[in-house]
Structure formats: C-alpha cells, structure tokens
1. Specify which of the listed residues (A:420, A:375) is in the same structural domain as residue A:269 (by TED's automatic domain parsing), closer than 27 Å to residue A:319 by Cα and surrounded by fewer than 21 Cβ atoms within 10 Å (Cβ to Cβ).
2. Considering each of A:6, A:38, A:29 in turn, give the residue that is within 14 Å of chain B (Cβ to nearest Cβ), in contact (Cβ under 8 Å) with a residue 40 or more places away in the chain and under 18 Å from the mean Cα position of the chain (by Cα).
3. What are the residues in segment B:85-98 that are at the interface with chain A (Cβ under 10 Å from one of its Cβ atoms) and either outside any strand (DSSP E or B) or at pLDDT 90 or above (or both), if any?
4. On the basis of being in a strand (DSSP E or B) and at pLDDT 90 or above, does residue B:35 make the cut?
5. Determine, yes or no, whether residue A:98 is in contact with a strand residue (DSSP E or B) (Cβ under 7 Å, 6 or more places away or on another chain), within 14 Å of chain B (Cβ to nearest Cβ) and surrounded by 22 or more Cβ atoms within 10 Å (Cβ to Cβ).
6. Mind checking which residues of segment A:438-463 are touching a helix residue (DSSP H, G or I) at 6+ places or on another chain (Cβ under 8 Å) and in contact (Cβ under 8 Å) with a residue 60 or more places away in the chain?
7. Kindly provide the set of residues from segment A:107-143 that are in contact (Cβ under 8 Å) with a residue 12 or more places away in the chain and within 14 Å of another protein chain (Cβ to nearest Cβ), ordered by number.
C-alpha cells in the first residue's frame, strides 16, 4: 500500500508523516508514493543511508552546507510535465527550457554540497553538465535563460534592428515604422521558435538523466527530512528479527504532545512471539494507545523510517492491520458489532495466508459477555497458530487459551502525591507491562469509576450486586 | 517631469483606476518611460489580468504596456508567451495561477507585454520582497481596483489614483466621486501593535476594548449582523471587520447613540462598500473609520476622454480636481 493511502487509515502514522519537514514538492511526491516495504535488504539499505546522514546533522562543520542544500531543495520544481513532453519528443516552450536549465543548475550546485558532506554514494545525482552547456551557450554560469544571440546568427542583427526601430531618436513615419517593427518581430519570433525546436530535439536524449536527477534530488529531500526527524525525536534504528522486542516504545504524537506540555509520558517495553498475545489491564491503562504505538512503530519501520523507541527488534510483516475503535458504519447500515465482527473475520482470513501484524482492541465488547467471551476465546485460539503477530486486548476473564498474556500494571495510588480526580488520574497509572500467568482480567472498573467521582448510589449498588 | 521624483523614495507603487478607461495604463506607461530615462531600475507586475490589447468591456483600443531594457516584469506563463519583446527568464514561480506559472523576466529589447500577476495580497507582498532582493528598488503594480480580486493594491507603499471622464462626464460629480475615494484612501491607519494583532484575524467581526483586547462578536461576517447592531459594541467602541463594511451596516451604526465614540476598522479602503452619502452622515455624527493598511496617495491622474467619446476640458478639470483633493492632478494625455 502506498504511503498516501496508508496515512488516511492510521492517524498516529499520519502525524509522523506530516511532521517530516520536506523542502520540495518532489520530496513530497517521493514520500507519498513510497510503498510498504517487505524487502529486508532494501530496508537495511535505507536505514544505512539514514545512519550516514544522521551524524552530519549534528556536525557544526556541515551546518552551512546543509542550509545551502536545503535552500537548493526549496528552489526545486517538480517538472514531471516538462520531462514527459521531452520524452515524447514534443517541442517545449522557453519557460520549459528555463526549467530544465534551472534543474541542471541546481543539480550542479547540490552535487557540490553533497560531495562536501561525503554523501555521493548515498545521494548519487547524475551530472547534467551537457544539458547546462546546451542551455548556457554564452557560459554565464547562471540559471537565467533566453534564446541567446549565439543560438542563431540571424538573431543579433534582428535585435539590433528592433532596438533601432524603437529608439527615441527614430523619427520616421510612425505607421510605416510600426509595420516594419511588427514584421521584424514576427520573423524574430519564428527564428526563436526554430531554435526552441532544435534545442528540444537535442535535449530529448537527456530526458532519462534529467528525470533521474529530479528523482534523486527528491530522494535527497526525503532522506534529510527523515534524518532530521530521527534526530529531533531521538528515534532508533530497528533490527529485523523473527519476534517483536521494543524497549521504551512511545506513541509519537502523544509523546510530543506530553513533552510540549511538560507532562509525564511513560514509555513501555513489550516483547511478542509469533501467534497471539492477550493484553489485559484496567480501564484507562493505555491498552489502546499501546496497540496504536506498536502499529505505528511497525509502519515507520517498513516505510523506511526509524522508530519511536529506545531499542527495537521487529519482524517483517506483509501488512499492519488494526481493528481499533468503533467501526460502526451508519452508511452501510451496520451496527457496531456487525461492522467489527466483519472486519475481524476478513482479517482472520487474511492471516491464514499472510504474515500480519494484527491489532485488535477489545473484540466483541459490544455484545453479551457469554457469547463475547466465546468469540474472543475462538479468535485467540485460531490466531495463535498463525505465523503473524496478533495483539488482542480484552476485559474478559477465563478464556482458557494457552497463549502469551501481558497485563498493564495499572492503577497505583503511591505514584503521586496529588489528590486523585478525573484530571490527575493518569498520573497514578503505571503503564508498564508484566507477563501474566493467571486467566483473570483485572476488576478495577468500579474503583476507577469511584475515583472519577461517579454517582455514589450507582457505585454502591453495583458493588452490592457483585 | 511631474511626480516621478515624488515616487522615487518608495519601494512600491500601485496605480489604481477608479473605473476602467481612467487612464491607468497610460499613466503606467508614462512612469515606465520616465523612470527608464532616469536610469532607475524598476519592476512591474499586476493584480489579476491586465494589459489586454482591446478593452474587454467597451472594446475600445487600449494602450499596451511598453517595457524598456533592464525592466523586470512578472506575468503569467500564457502572457509571457504572447509578449512582443525580447527578455530573459530569471525565475519561475510554479504556484499556479489560472493562467499557469508566474514568470519573472528582464527585458533585453524593449517592446510590449500583457501583464498578469498575483491573485492574493500575500503573494504580491512576497513578489515585491523578492524583486527588492534582486536589487530592484521600485516595483510598480498595475492595481485593478476590482473588488472581486483578493489581492489589494494597498500593500504598496505609495499609490497613484487614476480618474477621468469614465467616472462621470459631469465635472461636479467627477470631483465629488474622486474626492470620496481619496478620502477613503487617506483614512488613518491604526497603531502598529493593533494592526499586527488584527491582521492575523482572517474572519469574523471583532470588538476591541480599551485595553486593545480583541473579542469575537460571534458574527461570522458583518453581512450577518442584521438588527443586532448594538450587540457588536458590548466590549468596546472599536470594531474590526475582517471582511467588508456594507453600506447598510454603516447606516445602522450611524443611528446608534454614542456613535461619536465609535471607530470602525477595515482591512483597507477596498473593503469599504459604502456610499458617499452614508459615510458623510456617519462622519457628521462623529463616527470614525480606520484601516490596517494605508498607502501614501502621491498623485492623481486624469483622463479627459470617456469611453463613449465625451471629452472634458482638461485644464479646468485638473485645476478643479487639484483644488478639491489637495493633490497634484495630471492629464495622462499631456504628461
């Protein structure tokens, strides 16, 4: 799936992508057309490139070169239309020729900056000296463009005559002069057109190199943006393995928000074997955020980014699929249960032939607990035999499935000195995970409702009826 | 060589026509010629589309814009292709307008061109900055006073207003209409601190209290106020309209008690859709108008010929206008 479609489905990942500071529309296009990568070598290569760039961002010796390079990238135009015309042997316009010269010029300057930073092997911009020379017959060395006199011997005398006819000293018959001027301009424009046609034909052979330069420059933009984000957010390079092991995993958006507000954010460690893992924990214990953070980390890795954790080992999967939140689709006339169970069913079927990272948040919570429990038990049993990874959160106890279980430590009154209320309750939650060998989910719903200051009669009655 | 000296100290100058056929283009051509003769490097651009060979409303022949060697100009890609001069492209802005990219070029061999330009004020401002960065001290803006345009010519430092028989063939009416527009152009600008605060407000109607704090009145537009006019002034006596001030609203505000304490603030004079009569009434009762952006009105150009062929006595008209406006007035055909 292309990144442009993926970000529509995953808000956490969308935030990561939108935070990339790209300088050029070409970089933006390259980013959006990235595919979900299942090729270990390609990913390692991409991460190698990121690791090559990262130290340069911190090196003050390269600060000015980086500023210059970013400035060149800002000047980069996405001229795919012009290049397509060139490939199809169409005659360009003067503005198109300017654009080609501009690209050749920028490529030349960026090649210099890139080689100064020793990144030639990472960003291998082709040489466009021939293109530039063709469009700079007077060796001006700048990216301005017009149909220079030297392109055709007829141009200089014509332009001289144009100036003479229009000069203030010329006091001949006005109508006659206007006619002569008009004729001369027409002949002048015809010659310019011949030159443009000739140049277009000559440039056709360079179409592929020009395209390569444009794409490589776009890649350079993307790589710099990714590296800058990795440095700013302190992301880590993932290792590829056959299991999930993340230390200090964070949800990037929540983490950035908490940091900017000076709030505590507790990173989480998690290790998963293939098959299913059931996650239990009190309400408000961050189970859903955990699923989103894990999904986001996997997506970041397989779209060639570093991930938001201290250390990360991740498997390569065929896809990341989440069933999180209320899937009720009023337009399709489905209830929340119907939409959810259909989505789970589809992905269960996919998991038989594909290696998925499947993230399911509290399945079957909207139906009666007896059947709900049975559905979760069967789902967990079926997923447990698969090659992929499934993370399922639940409040149901007594599922009796022999699989990995993790529990969020949850509410701990000793964590803060503040009075406990709806605003401060997050400060009292320990979000860390522990291996859980029991088959019972925590029963803390009433306690949390009480701490949140819910109606006392409701809580007392509920307690009495337990 | 009238008024060329007066505009030299400015960084940007717009030429704004009160109506079509008021001689804006003749005036621009005059300035371009004189500045060229003095060896002043200038750039020229436009708001929206201008410089058609034939006036599209009255189908009268329209003078084209003539550019001289060394002049920079900005126009759309489409109009660049139609140019009748030799020029060198120095930049292309690919944020597309309806007519393609905007091309910045330098004239190598004089000739004629159709100008079109930025559609938004922000873009126009950036263009002027970029031209200055290229070492061009003065940018002329062919500023169509089209109220449909989002870009306002008032971001330029100075302004020349073009008036003429096209506005009215009755000299008295012409004077009174021109005087009214001049009085709007010359409305005072609010203090810089408040201007910076208000220019960030892109929508709604805001009441400013005595401490300079802006309160949202809850009306998305001044056109939606209806009969709740008094509600607008709950927190203060100054009101900022991010959009337009309609004649109807001004009439209603003029009837409020304490109108003499009220100041209405518009973005610039092009956002005032008011008639001279209503403004006079409001002003007589003591109400004030102010703007965020004011450009210095340096001169008025006058075209004695109306598109229908009427011709006013130029000398008398110029003298009457000049006296009424307190500004030099020049006949575009005689300068």
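1. Answer to the selection: A:375.
2. A:29
3. B:85, B:86, B:87, B:88, B:89, B:90, B:91, B:92
4. no
5. In short, yes.
6. Hit for segment A:438-463 is A:448, nothing else.
7. A:135, A:136, A:137, A:138, A:142, A:143
For (1) in contact with a strand residue (DSSP E or B) (Cβ under 8 Å, 6 or more places away or on another chain); (2) closer than 30 Å to residue B:212 by Cβ; (3) surrounded by 20 or more Cβ atoms within 10 Å (Cβ to Cβ), each residue gets a yes or a no:
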{"residue": "B:289", "(1), (2), (3)": "yes, yes, yes"}
{"residue": "B:302", "(1), (2), (3)": "yes, no, yes"}
{"residue": "B:313", "(1), (2), (3)": "no, no, no"}
{"residue": "B:329", "(1), (2), (3)": "yes, no, yes"}
{"residue": "B:333", "(1), (2), (3)": "yes, no, no"}
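The values are calculated or read from the model by the stated rules, or taken from the named source; none is laboratory data. Because the structure is a prediction, the values reported are computed rather than measured. Every residue, glycine as well, gets a Cβ built from its backbone with ideal geometry; the counts of neighbours run over all protein chains shown.
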